[in-house]
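A short reminder: the numbers here are calculations on the coordinates, not readings from a lab. This is a predicted model, so every value here is computed, not measured. FYI the Cβ positions are ideal-geometry reconstructions off the backbone, even for glycines, and counts take in every protein chain you see.
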Amino acid sequence: MSSINSLIHLKTDFDAVLMHIEIRHGKNDGQVFLIPLQYQNKLLFIMSNFVIPTDGLKEKFEKQLNEFKASIKSPNVLLLGQTGVGKSSLINTIFGEDLAAVSDIKPETRGFHKYNSPKIPINVIDSEGYELANPDDFKKSLDQFIEQNFAEANQQIHICWYCISISSDRVLPYDLDNIEYLTKQKRIPTCVVFTQCDNDTPEGSKAKALSEVVGGSFGRHVPCFQVSNDPEINKELDINKLIDWSVNNLNDDNLKAGFIIAQKADLNKKEDKANDRIKYYATGAAAIGASPIPMSDAILLTALQVGMASDIFSIYGLDAKMSDNLKNVVGSKVVSMLGKTVAGNLIKLIPGFGQIIGPAINAAVASTITGALGYALVQITKKAIEAEWSGDAQLLEMLFTEEMIDKYVEEYQRKNKQ
């Protein structure tokens, strides 16, 4: 029997059950009733052989990937600091090594270099070390660059990281003057990043002293963060706080999303964003499931979850590492797994098969299925990222299996006491 016919018969059987209950008990939405025994085996047989039809959903997966990426904006991050302060190391620590210099900076604006990548939504504008020019010339060049890019929203400087090496042992009056210019005249959110903190004392006394100098001039308006060239030391410093500050000071949700997707240093921040999207899709699933028989909307539910999967892939940057051919393979695989998992879990997640439930609980069931699948996809995607996946198909074949999906769906159910 085809999936569509199974769906029709399934709805017919449930409609018969509802009619049976309403005749005997009266209509009472939300109340739990036992399904008469003569229906239980028939329903169980149909659902055990039911597979959601996935025609066209692979194309939806690919389309959703592209649409989600198109909605994301690329933040413009300005880096200022002396030569050798460790700006390149900071870029690589937070955004990875995918960024490359581009040549769309206006030729009359000397001393500034834009770095970006088609794979990640971020633009980093690096300045030549300001010690290479006299203070007045540098300020004039900086002012010119900011003004030239102010008219176009996508070219404006959104935030500034002002980098000072801990090895310099000092914050110059010139540094404080630049920071005041950025924050008070140009109103650009600016923080100070103390770099090369692996050269600090174990107690961090140098960074503390320099932070007090900055705080004495700007108070809490200009926060200070400590970073290092050593990945292990960075675990104890402020990389994640710098990322939080950067996200919070972007004034557009799509810019915030762009930064979260672009950064590679804080997977928890990506997970928070992914969970926001899962909640969004779970709410949509609840609306679909609010019909008396959630199984009759299983196709819509699967289509919605395909959209959720593509968003999760984009947030973790997994799609940027896929070739077009691999996207087709993964799209087909994910769509197929979602179809099978939705069908299998529709019955598992209804509280106690053998019962029939009112629309409010059906909505909860649809939402729960979507939340569980979202959780499973996040856990699997995190494993791919943590394994430093570089685009090979073999790791994805190992991770994106029905067994792995089922494992994490069950884990989700245990955590949420479903």
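For the reader, a short list of remarks on this structure follows.
- Distance violations [Cα-Cα > 28 Å] among 63/186; 235/382; 269/415: 63/186
- Förster radius 30 Å - calculated FRET efficiency between residue 153 and residue 236, Cβ distance, rounded to 0.05: 0.20
- If both residues of a DSSP beta bridge must be in segment 74-251, then about 35% of such bridges are antiparallel.
- When each of the peptides 199-205, 139-145, 160-166 is scored by how many other beta carbons lie within 10 Å of its residues on average, the order from highest to lowest is 160-166, 139-145, 199-205.
- Cα pair distances exceeding 28 angstrom across segment 74-251, given as percent: 18 percent
- Stretching the chain fully between residue 69 and residue 395 yields a gain of 115.0 nm (0.36 nm per residue, less the alpha carbon separation).
- Residue 254 versus residue 279: modelled label distance in nm, points set 7 Å from Cα along the beta carbon direction: 2.2 nm
- Modelled label positions at residue 410 and residue 174, each set 7 Å beyond Cα in the direction of Cβ, lie 6.5 nm from each other.
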